[in-house]
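Taking it in order: structure first as structure tokens, then the write-up.
The values are calculated or read from the model by the stated rules, or taken from the named source; none is laboratory data. For clarity, every value in this text was computed on a predicted model and none was experimentally measured. With ideal geometry, Cβ positions are generated from the backbone for all residues, glycine too; neighbour counts draw on all protein chains shown. What goes into the accessible areas is simple: the full protein's heavy atoms, side chains included, and nothing from ligands, DNA or RNA. Shrake-Rupley method; radii C 1.70, N 1.55, O 1.52, S 1.80 Å.
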Amino acid sequence: MINSKIAGLGYYVPDRVVSNDELSQMMDTSNEWIIERTGIEQRRYGQRNKETTTTMGARAAEVAMQRAGVDKSEIDFIIFATLSPDYFFPGCGVLLQRELGMTKSEAPALDVRNQCSGFLYGLSIADQFIRTGQYKNILLVGAEMHSMGLDYTTRGRNVTVIFGDGAGAVVLQPSESPGILRTCLHADGTHAEELAFINPGAHGGYHLGVERFGYPEQEFGGIFLTEKMWTEQDYYPNMNGQLVFKTAVTKFPEVIMEALTKEGLKPSDINMLIPHQANLRISQFVQRQLGLKDEQVWNNIQRYGNTTAASVPIALTEAWEAGKINKGDLVCLAAFGSGFTWGSALIRWQI
Ligand code: UT7
């Protein structure tokens, strides 16, 4: 029986630090409000015209490959998770392959669009491919360039203050002893539009089950970006924060307990929980629900904000670099977000 393990990991965050005070100069918000409701003190923004989701992902991938001791020519599968791709299509997987000079091998590249849980979905896919013996060196990247697509007016403040840019990556390889013990994935599309970036899109004004957008019917053209979207600046992400919060604090503990129970383990067995960095209050709630001590949970949202698909691999790498994750430890990853989609992973750490 082949198992999979994380053989190398890395992250990259851009240099530019954006404080809450800096955002307060653009919109009606304050350092106090942001810290009290989210725990975020600062975030990073990539450099316009110099960095993209792909280039940040590539920097993280280089570190992960170097630490795994694999050359880029040995990567036989690329998985890229993001909600802020450079292009509508093609996805960042092939762009990363080109950016890293890996096109010669013609290794397949898959794009995952599961937002905050994108890394968990990617990890699960990678795990299955390693277990079946099809691939031996899988590069999994989660990266986001949120700063390019946020509304910097008061209208967008509930979303904009939360998000930051960054990237994380891991290399997965076969392992004789169990590494990734289990992944649990879930989705419920009931509230798809409650945390969404809807325009531009191919809906052309027609939303499944949602009347409120009301764009004029257009037979041809202007489907992705209509004049109304443009004039009303209706091309930013929107979020029903309270609904997301309430659902997240239920689903995080549920999916973590699901993985633990199926493995015959309990919360106290976890050496390190890496929750998706959605909101510090959500992570603290989950910690209390599971009865975990401070040293069993890694939080870095204070410094990076919510980096969506990148948040789990950035936090995982940081915790590992800080010596808080060691060989033999039980590491739990968990995420919840847009879709809604959510998931967890239990890993017996191998490096
Ligand atoms: O990765 C998963 C994605 N997202 C999440 O996990 C987010 C989950 N939700 C949250 O983190 C929180 O709901 C938020 C931080 C987004 C918002 O906090 P909240 O305590 O749920 O605030 P609220 O949306 O209920 O709004 C309360 C008030 C409103 O004003 P009124 O109507 O009471 O006058 C908002 O307009 O706070 C106002 N508000 C702000 N004020 C200052 C919303 N955003 C801001 C802001 N600065 N940035």
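Could you tell me how many degrees, from 0 to 90 and to the nearest 10, lie between the Cα long axis of helix 241-262 and the main elongation axis, the longest principal axis, of the Cα atoms of the chain? It is inclined by approximately 20 degrees.
Using the alpha carbons alone, the radius of gyration of region 3-175 stands to its Kirkwood radius in an Rg to Rh ratio of 1.03. Take the Kirkwood radius over Cα pairs of region 258-351, plug it into Stokes-Einstein at 20 °C and 1.002 mPa s, and you get 160 µm²/s for translational diffusion.
Ranked by the mean number of other Cβ atoms within 10 Å of their residues, highest first, the peptides 64-73, 252-261 come out as 252-261, 64-73. Give me the percent relative contact order of the chain, please, defined on Cα pairs under 8 angstrom at least 6 residues apart. Worked out over the chain, it gives 26 percent.
Angle between the Cα long axis of helix 118-131 and the longest principal axis of the chain, 0 to 90 degrees, nearest 10? Relative to the chain, helix 118-131 is tipped by roughly 40 degrees. Subtracting the Cα-Cα distance of Q302 and T103 from 0.36 nm times their residue separation leaves 67.9 nm of extension gain.
Here region 38-186 carries DSSP beta bridges of which approximately 45% are antiparallel, counting only pairs with both residues inside. The distance between label points at K327 and T190 comes to 4.7 nm (points 7 Å beyond Cα on the Cα→Cβ vector). What is the percent of Cα-Cα separations in region 97-204 that go past 24 Å? Tail fraction, whole percent: 42. DSSP finds beta bridges in the chain, and of those with both partners inside it, around 70 percent are antiparallel. Once both labels are positioned 7 Å from their Cα atoms along Cα-to-Cβ, the gap between Q134 and E254 label points is 3.0 nm. Looking at the chain, the accessible area is 44 square angstrom per residue; that uses a 1.4 Å probe and ignores ligands, DNA and RNA. The mean of 1/r over all pairs of different alpha-carbon atoms in the chain, once inverted, gives a Kirkwood hydrodynamic radius of 20.4 Å. Only lysine pairs 8 or more places apart or on separate chains count here, and in the chain those with Cα atoms under 13 Å apart total 4.
Ellipticity at 222 nm from helices only: DSSP H runs of n ≥ 4 in the chain, each -39500 (n - 2.57), divided by the residue count, give -9000 deg cm²/dmol.
Computed with a 1.4 Å probe over protein heavy atoms only, the accessible area of Y12 comes to about 50 Å².
Amide H contacts under 5 Å for N3: S175, restricted to partners 5 or more places along the chain or on a different chain, H placed in the peptide plane at 1.01 Å from N. At a Förster distance of 35 Å, what's the computed FRET efficiency of E227 paired with T153, Cβ-Cβ distance as r, to 0.05? So, using R0 = 35 Å, E works out to roughly 0.95.
Surface calculation, 1.4 Å probe, protein heavy atoms: I2 sits at approximately 70 Å² accessible. 3J(HN,Hα) couplings calculated from phi for region 132-147 with the Karplus curve 6.51 cos²θ - 1.76 cosθ + 1.60 (θ = phi - 60°) are, in sequence order, 7, x, 6, 10, 10, 9, 9, 9, 10, 10, x, 8, 9, 10, 4, 4 Hz; Gly and Pro show x. Measuring between their Cα centroids, region 228-285 and region 52-85 lie 25 Å from each other.
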